[in-house]
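The values are calculated or read from the model by the stated rules, or taken from the named source; none is laboratory data. Fair warning: this is a prediction, and the values are worked out from it, not measured in the lab. Every residue, glycine as well, gets a Cβ built from its backbone with ideal geometry; the counts of neighbours run over all protein chains shown.
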There are 2 protein chains.
Amino acid sequence: KSSYISVIGEIEKLNEDPRIHGLLLRLCRESYTNLDFTSLKNSLWPIVYPFMYTYLFFSFVFFCSDIEISRGQAPKPIHILAKEIGLLTEEIEIYGQTKAKVRLSLLERLKDQPDGKYVLVAGITPTPLGEGKSTVTIGLVQALTAHLKINSFACLRQPSQGPTFGVKGGAAGGGYSQVIPMEEFNLHLTGDIHAITAANNLLAAAIDARTLHENTQSDKALYNRLVPLVHGERKFSAIQLARMKRLGITKMDPKTLTADEINKFVRLDIDTSTITWQRVVDTNDRFLRKITIGQANTEKGFSRQTQFDIAVASEIMAILALTSSLSDMKERLGKIVIANNTKGQPVTAEDLGVTGALAVLMKDAIKPTLMQTLEGTPVFVHAGPFANIAHGNSSVLADKLALKLVGKEGFVVTEAGFGADIGMEKFFNIKCRASGLIPNVVVLVATVRALKMHGGGPNVIAGVPLKKEYTEENLKLVSDGCSNLLKQIQITQQFGVPVVLALNVFRTDSPAEINLVCEIAKQSGAFDAVPCRHWSEGGRGTMELAEAVRKAANQQNNFRYLYDLELPIVEKIRIIAQKIYGAQDIELSPAAQSQINCYTQQGFGNLPICMAKTHLSLSHMPEKKGVPTGFVLPISDVRASIGAGFIYPLVGTMTTMPGLPTRPCFYDIDLDPDTEQVKGLF
Amino acid sequence: KSSYISVIGEIEKLNEDPRIHGLLLRLCRESYTNLDFTSLKNSLWPIVYPFMYTYLFFSFVFFCSDIEISRGQAPKPIHILAKEIGLLTEEIEIYGQTKAKVRLSLLERLKDQPDGKYVLVAGITPTPLGEGKSTVTIGLVQALTAHLKINSFACLRQPSQGPTFGVKGGAAGGGYSQVIPMEEFNLHLTGDIHAITAANNLLAAAIDARTLHENTQSDKALYNRLVPLVHGERKFSAIQLARMKRLGITKMDPKTLTADEINKFVRLDIDTSTITWQRVVDTNDRFLRKITIGQANTEKGFSRQTQFDIAVASEIMAILALTSSLSDMKERLGKIVIANNTKGQPVTAEDLGVTGALAVLMKDAIKPTLMQTLEGTPVFVHAGPFANIAHGNSSVLADKLALKLVGKEGFVVTEAGFGADIGMEKFFNIKCRASGLIPNVVVLVATVRALKMHGGGPNVIAGVPLKKEYTEENLKLVSDGCSNLLKQIQITQQFGVPVVLALNVFRTDSPAEINLVCEIAKQSGAFDAVPCRHWSEGGRGTMELAEAVRKAANQQNNFRYLYDLELPIVEKIRIIAQKIYGAQDIELSPAAQSQINCYTQQGFGNLPICMAKTHLSLSHMPEKKGVPTGFVLPISDVRASIGAGFIYPLVGTMTTMPGLPTRPCFYDIDLDPDTEQVKGLF
């Protein structure tokens, strides 16, 4: 207790010192184990609070368990953080104490400000447990901002809420590299995924309702309802006039349409067997993977088989991640192709008249959400598209806003899902194409554990304790497994961007293992390779990485895309398969070939490619570790997200709806009604 | 322009006058038609703004169309309103500029403060167009607070987002009696309905997943998964121990259970034919009215037929509306009965282990949302349960918070859905029972239009122009139709609360018609009867009503419930049918009788009754207007919302999922990407 009082005294003295610009207070476990944790926090808060206004960053951190870490750190009020990073009051929309949406008007205000440095965190081929890209991302910005005093921003994907209650649990980094408060990050956040769900399902409902109405009404009845008499007059709405224009009908007066024109106008003639638009929920609901809808009498027998996907698999999520403005988003929403008509032409959301309503539902979701790391540095959380059927990267808009906010010497660290062969390839070829931004550095995350797996170690299975190969020193396995690391470094180098290896160190890794990996990485062409201890030490444990990244960012940058968009779809798929995955060739199923022909003929041939492949191997076979060679990549089918702007070939079947296991996470999740604290989410 | 400058001069003078406590500025159409509307508003704002801090209420109102009214009024920043009504900074959670959630800790802080007066707004049997209960509610609080300087609060239901894009359009009052901004009120608001959807669907997913796992695993396999080895040890979670207790197993060590005890513990044995828990979406999606789920191979043939309801039909919405605290909500969530087991015993959310997770998903939804009327007076928007299969009233918590905030002399005006025979009856017998609150006054809303319909006027159909009987004076129809008014007044009197008639005046109503209605109402026992012109005049048009309500609130109050909870379910249904609807008797289908027996035997016989009946007639036949007599009310089925705490008999079939028409509202809805304004929502 006496040491605790002397700590407070010290802080009070610092408070008077004008030279002090920030403060990181750490209390080791011994100094407070006998104290009441909450009362300690409450006593410190009034002293700490004035710092918030005075200094750029202030943090106090306690050493304790994951859950205690997140709770032990009182997040600074979000309007204070917003002020610290230079946001004006009218540029933020506060959501509670710890979240705020940032308005896009900021881009206009800072349009002449040069961008900061742009850093991508990618990974080697991971084990099913994940290798810590999120924690490296957070640790890196904590090191840059809270320790090296360089402005930085982390841009993260918003996690899907469904899996939080299924197998996976929460996702907000971990240890001393977290986004706080964890429960806000993992639950509704600011409602973006709910908005996507609403927009997605409105479009789905519009498709089936329209089909029903077309199937049960004459042209005349449809026309009279679609262009109704209001105060004795019929008028086309704006979106109907736009459709008329696409149909080549230039008349403005509804009375003058011929029967043939009316027929063209009222009938979308959707070929229901080609509908690719699914309904979504943000719940792990396996019974919705295949369903039959429309079985009530009111739907008059027009039932059909379809499915629900998890909300983050919606194309609208991919659109949110790739859009650059409100008007661009509206245009992309309108371009969504939901099916073909009976003549084989694409039918869009715009044809259904629903573009404006979708944009209205998404008008707040387009604004990135500001949160903070455990050390009080800023984080944008925005968009979280699937990493297989979509591109698995956070939003272009969050990156753009952050690049302006950090200023020329600052850093924006963004993360790509899965291994570098998938998430990073899509980051470059899809996201950077959409944004026009050029990345300065790639941080490649590896673990000794994953390298040992690639070197021939036993299977790593979630929920099953690791075999001793993973907990004891084994230099042979590590060195053999570095083949995957080498290959991923080579993949990165094809894009002309310097790469820094971040070895995410576990307690059981030996110094020899750590050295070996770093040496091999450097020999393989990495600009630098450093061990990171952000999990146990926060930003202090990633300072070496921060220094390496800073140096790499000043390197010559030869960024280039992997392929030319104008190449045929098949060629683009082959380039990715051969140059990235190391495949010998690709093999298209007849379905895939026919879809490619269809998309090409419809004019969508010049879109980038978004491969839907497993992340557990460079190949399509999850069990093939290291660097598989000599395989032929089978393309079973090809689909398109025209609004988002990519073609996605399916390499095998992709599950777009997770399920609940026998004992879901929710057995441990609870809410304390007195303290309002969430328990068991981590 | 000169008059506009002189207006500003006047305001500036007022600003210096310490006797001025508020200001309502109205500009007539002539004074600004030649001005640029936006620039006028922007010029006024800097002058108006300081008032916000000084005076309790400030408003400036322009005369224009509905949509212009909502946009023309710049809402005051919500933190300013919160301060005006006495909320502390730490008691609110701001959501953007115009919405804030209010923390329940306020109830504790103000627990010794006496409650204000409690006013219910109900209606006569309406036409399909609605008779204006919401606008009366808003007009009344505008009159009380902005004009009579009496603290008041309106408590409204949150509208479902789905119908906003279907037939109905938005709901936020209208004319000069609106909640602003309309688009925030009608769209995501603060995410409560999304939270309900998430919680509802997690429970639904848990039911089917559990059934699948039980059907495909041995007792031992289930047990090993439900109580897994973690670090070499098996442990029950808290919610599993609670289930053990209910099963009469008092052991704490998972190793000691007998095979029989394990069987009891692991098998919920849900009888899937009895599942009453449906999935929900907040979208008008008619194709989800009847569906078959579980048709993917991964579900191993355990498909079944089910349905989606619109989100506000979820029992969780009814729970939100009736709960009194976080711990009460958690308890109610746990008590939700989702099906019977194969032995005919109820299976609950608690049995599925999901109570805590549901509470976590609902932890923010339980806090009411603060918004404002067009005249800057405070509004709580909270919960919006269906008015047929649920009780159709806004939340108990919002009413309780508001009653404390307005103080002893203040007024809280809350609204019940449908006619008084349904919404008000449920308000008294279900909501007031749950809250323990005693209402002081009922305001009964009528229109000349609805009375003419009851008097034998032609059908009133949404979307079809009104017949001339409704637009020309017709005293005979009015006087005949007052039978319905008389009956609804008598219904109110059975509860011992004084009733004031609010005649919502339309432009086409003649003075003689208005007088006739008011006279008949007064002769029929109404405490007072007054015409209201809040639509065209805002609070100024409802001042007479406000005075009448104030007087009525000082009357002797003899509030009583209609029936004793301990009566058998059938008796309670009969009392409502006879004393409220005027039925001769009730007739139970065999299904209804068997469900009543089942619920009684399960111990749910002492719950209040929530009738699911049409609102378009006092009887079960929507076409029977006026006061139908001599009918026998058919009860086709009986269901239960045990968590919410009521039994709901079905009088005919109830649609719980609206559909999209041929031309949904969304054809007119659009977002201006430059101004970010929503168009066509009204």
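Across segment B:82-97, which residue is farthest from the other protein chains (Cβ to nearest Cβ) among those that are of a type in the set (Gly, Ala, Ser) and surrounded by 19 or more Cβ atoms within 10 Å (Cβ to Cβ)?
B:Ala82
Working only within segment B:135-156, note down all residues that are of a type in the set (A, V, I, L, M) and surrounded by fewer than 24 Cβ atoms within 10 Å (Cβ to Cβ).
Correct list: B:Leu148, B:Ile150.
Consider only pairs whose beta carbons are under 7 Å apart and that are at least six residues apart or on different chains; among these, list those whose first residue lies in segment B:209-224 and is farther than 19 Å from B:Ser237 by Cβ and whose second residue is aliphatic (A, V, I, L, M) and outside any helix (DSSP H, G or I).
Close Cβ pairs (under 7 Å, with a partner that is aliphatic (A, V, I, L, M) and outside any helix (DSSP H, G or I)) amount to B:Thr211/B:Ile270.
Give me the strands (runs of 3 or more DSSP E) completely within segment B:565-682, filtered to those with at least 2 residues that are within 14 Å of chain A (Cβ to nearest Cβ), out of contact with any helix residue (DSSP H, G or I) (no Cβ under 8 Å at 6 or more places or on another chain) and within 30 Å of A:Ala206 (Cβ to Cβ), ordered by residue number.
Because the criterion is at least 2 residues that are within 14 Å of chain A (Cβ to nearest Cβ), out of contact with any helix residue (DSSP H, G or I) (no Cβ under 8 Å at 6 or more places or on another chain) and within 30 Å of A:Ala206 (Cβ to Cβ), no strands (runs of 3 or more DSSP E) in segment B:565-682 meet it.
This table checks each residue for (1) of a type in the set (Val, Ile, Thr); (2) without any contact (Cβ under 8 Å) to a residue 60 or more places away in the chain; (3) in a loop (DSSP other than H, G, I, E, B).
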site: B:Glu331; (1), (2), (3): no, yes, no
site: B:Gly353; (1), (2), (3): no, no, yes
site: B:Leu370; (1), (2), (3): no, no, no
site: B:Gly376; (1), (2), (3): no, no, yes
site: B:Phe380; (1), (2), (3): no, no, no
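Output the number of residues of segment A:529-562 satisfying the condition of being more than 22 Å from A:Asn151 (Cβ to Cβ), touching a strand residue (DSSP E or B) at 6+ places or on another chain (Cβ under 8 Å) and outside any helix (DSSP H, G or I). Steps first, answer last, please.
Taking segment A:529-562 as the starting set, the residues that turn out to be more than 22 Å from A:Asn151 (Cβ to Cβ) are A:529, A:531, A:533, A:535-536, A:556, A:558-562.
Imposing the further condition that a residue be touching a strand residue (DSSP E or B) at 6+ places or on another chain (Cβ under 8 Å) reduces the set to A:529, A:531, A:535.
Checking which are outside any helix (DSSP H, G or I) leaves us with A:529, A:531.
The number of residues fulfilling the criteria is 2.
Provide a single number: the residues in segment B:119-151 that are more than 18 Å from the chain's Cα centre (by Cα) and among the charged types (D, E, K, R).
Residues that pass the stated criteria total 1.
Here's the yes/no breakdown for (1) crowded, with 24+ Cβ neighbours inside 10 Å; (2) at pLDDT below 95:
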| residue | (1), (2) |
| --- | --- |
| A:Ala416 | yes, yes |
| A:Met424 | yes, no |
| A:Lys431 | yes, no |
| A:Ala434 | no, no |
| A:Val441 | yes, no |
| A:Ala446 | yes, no |
| A:Gly455 | no, no |
| A:Ile461 | no, yes |
| A:Lys467 | no, yes |
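Which residues, taken from segment B:553-568, are of a type in the set (A, V, I, L, M, F, W, C) and within 25 Å of the chain's Cα centre (by Cα)?
B:Ala553, B:Phe559, B:Leu562, B:Leu565
Specify the residue that is modelled with the lowest pLDDT; the eligible residues are those in segment B:61-86 that are outside any helix (DSSP H, G or I) and under 24 Å from the mean Cα position of the chain (by Cα).
Once the filter is applied, the top-ranked residue is B:Pro75.
Would you confirm whether or not segment A:276-287 contains a residue that is in a strand (DSSP E or B), touching a residue at least 12 places away in the same chain (Cβ under 8 Å) and more than 10 Å from chain B (Cβ to nearest Cβ)? Let's see the steps before the verdict.
Looking only at segment A:276-287, we keep the residues that are in a strand (DSSP E or B), and these are A:279-281.
Checking the rest, the ones that are also touching a residue at least 12 places away in the same chain (Cβ under 8 Å) come to A:279-281.
Right, trim to more than 10 Å from chain B (Cβ to nearest Cβ) and you get none.
Within segment A:276-287 (the criterion being in a strand (DSSP E or B), touching a residue at least 12 places away in the same chain (Cβ under 8 Å) and more than 10 Å from chain B (Cβ to nearest Cβ)), the answer is no, since none of the residues qualifies.
Kindly provide the set of residues from segment A:347-362 that are out of contact with any strand residue (DSSP E or B) (no Cβ under 8 Å at 6 or more places or on another chain) and more than 10 Å from chain B (Cβ to nearest Cβ), ordered by number.
A:Glu350, A:Asp351, listed by residue number.
Given the structure, is B:Ser314 more than 12 Å from chain A (Cβ to nearest Cβ), on the phi < 0 side of the Ramachandran plot and surrounded by 24 or more Cβ atoms within 10 Å (Cβ to Cβ)?
Yes; evaluated as a whole, the condition is true for this residue.
Collect the residues in segment B:184-197 that are more than 7 Å from chain A (Cβ to nearest Cβ) and buried (at least 23 other Cβ atoms within 10 Å of the Cβ), keeping them in residue-number order.
B:Glu184, B:Phe185, B:Asn186, B:Thr190, B:Asp192, B:Ile193, B:Ile196, B:Thr197
Being part of a helix (DSSP H, G or I) and closer than 21 Å to A:His213 by Cβ is the filter here; which residues of segment A:247-275 pass it?
A:Pro254, A:Ala259, A:Asp260, A:Glu261, A:Ile262, A:Asn263, A:Lys264, A:Phe265, A:Val266, A:Thr272, A:Ser273, A:Thr274 - these are the residues of segment A:247-275 that are part of a helix (DSSP H, G or I) and closer than 21 Å to A:His213 by Cβ.
Report the residue count in segment B:632-659 for those that are out of contact with any Leu (no Cβ under 9 Å at 6 or more places or on another chain) and of a type outside the set (S, T, N, Q).
7
Checking A:Met244 against (1) buried (at least 20 other Cβ atoms within 10 Å of the Cβ); (2) in a helix (DSSP H, G or I); (3) aliphatic (A, V, I, L, M), only one condition comes out false. Which one?
It is condition (1) that A:Met244 fails.
Just to be sure I understand, how many residues within segment A:94-105 are part of a strand (DSSP E or B) and among the charged types (D, E, K, R)?
Matching residues across segment A:94-105 total 2.
Got a sec? Which of B:Gly123, B:Gly132, B:Gly116 is more than 14 Å from every other protein chain (Cβ to nearest Cβ), crowded, with 23+ Cβ neighbours inside 10 Å and at positive phi?
B:Gly132
Find all pairs meeting these conditions: Cβ atoms under 9 angstrom apart; at least six residues apart or on different chains; first residue within segment A:106-123 and assigned to a helix (DSSP H, G or I); second residue acidic (Asp, Glu).
Short answer, once both residue conditions are applied: A:Leu106/A:Glu91; A:Arg109/A:Glu91.
From the list A:Lys251, A:Lys335, A:Lys245, A:Lys264, exactly one residue is in contact with a Gly (Cβ under 6 Å, 6 or more places away or on another chain) and more than 14 Å from chain B (Cβ to nearest Cβ). Which is it?
The conditions single out A:Lys335.
Go over the candidates B:Ala390, B:Ala365 one by one and state the one that is under 17 Å from the mean Cα position of the chain (by Cα) and within 14 Å of chain A (Cβ to nearest Cβ).
Details: B:Ala390 fails: within 14 Å of chain A (Cβ to nearest Cβ).
Answer to the check: B:Ala365.
From A:Leu212, A:Leu222, which residue is more than 24 Å from A:Thr197 (Cα to Cα), assigned to a helix (DSSP H, G or I) and within 9 Å of another protein chain (Cβ to nearest Cβ)?
The conditions single out A:Leu222.
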